[in-house]
Amino acid sequence: MEQIREHYVEVLGYAVLIEEGERNCGAHVPDLPGCYGLARTVEEIVAQMEVGIPFHIEGLEADGDPVPPPTTTVEMLAA
């Protein structure tokens with residue numbers, strides 16, 4: 001069974017949960033439903049989130065949807 005390691009980072013004020021497996025990493029932003037990514041390394045997924053979070057916010061704004069403020073902290077995720 002594959003072991004998953006969790007990492008927690010902050011990108012543009014939003015807490016990001018990264019799950020690192022043997023072959024790839026997945027990430028999601030708890031405060032931005034639908035904002036997630038998949039990459040081979042933790043470094044790549046952080047870079048994706050640095051682009052993906054602003055892109056996701058732009059999409060929400062373009063659709064006239066509210067942009068949820070960052071309320072989850074890295075400390076909350078790690079607890």
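Residues in segment 62-79 that are more than 18 Å from Ala27 (Cα to Cα), exposed (fewer than 11 other Cβ atoms within 10 Å of the Cβ) and not small (Gly, Ala, Ser): Asp63, Asp65, Pro66, Pro69.
Just for segment 30-54: of the residues that are of a type in the set (Val, Ile, Thr) and over 9 Å from the mean Cα position of the chain (by Cα), which one is nearest to Val74 (Cα to Cα)? So that I can check it myself, show each step before the final result.
Kept after step one, since they are of a type in the set (Val, Ile, Thr), are these residues of segment 30-54: 41-42, 45-46, 51, 53.
Imposing the further condition that a residue be over 9 Å from the mean Cα position of the chain (by Cα) reduces the set to 41-42, 51.
Values: Thr41: 19, Val42: 16, Val51: 19 Å.
Only one residue fits best here, namely Val42.
Just one of (1) farther than 16 Å from His56 by Cβ; (2) in contact with a helix residue (DSSP H, G or I) (Cβ under 9 Å, 6 or more places away or on another chain) fails for Leu12. It is (1). Filtering segment 49-79 to residues that are of a type in the set (Gly, Ala, Ser) and assigned to a loop (DSSP other than H, G, I, E, B) leaves Gly64, Ala79.
Values quoted throughout were computed directly from the atomic coordinates according to the rules given, and no laboratory measurement underlies them. Since the structure is predicted, the reported quantities are computational estimates derived from the model, not experimental observations. Every residue, glycine as well, gets a Cβ built from its backbone with ideal geometry; the counts of neighbours run over all protein chains shown.
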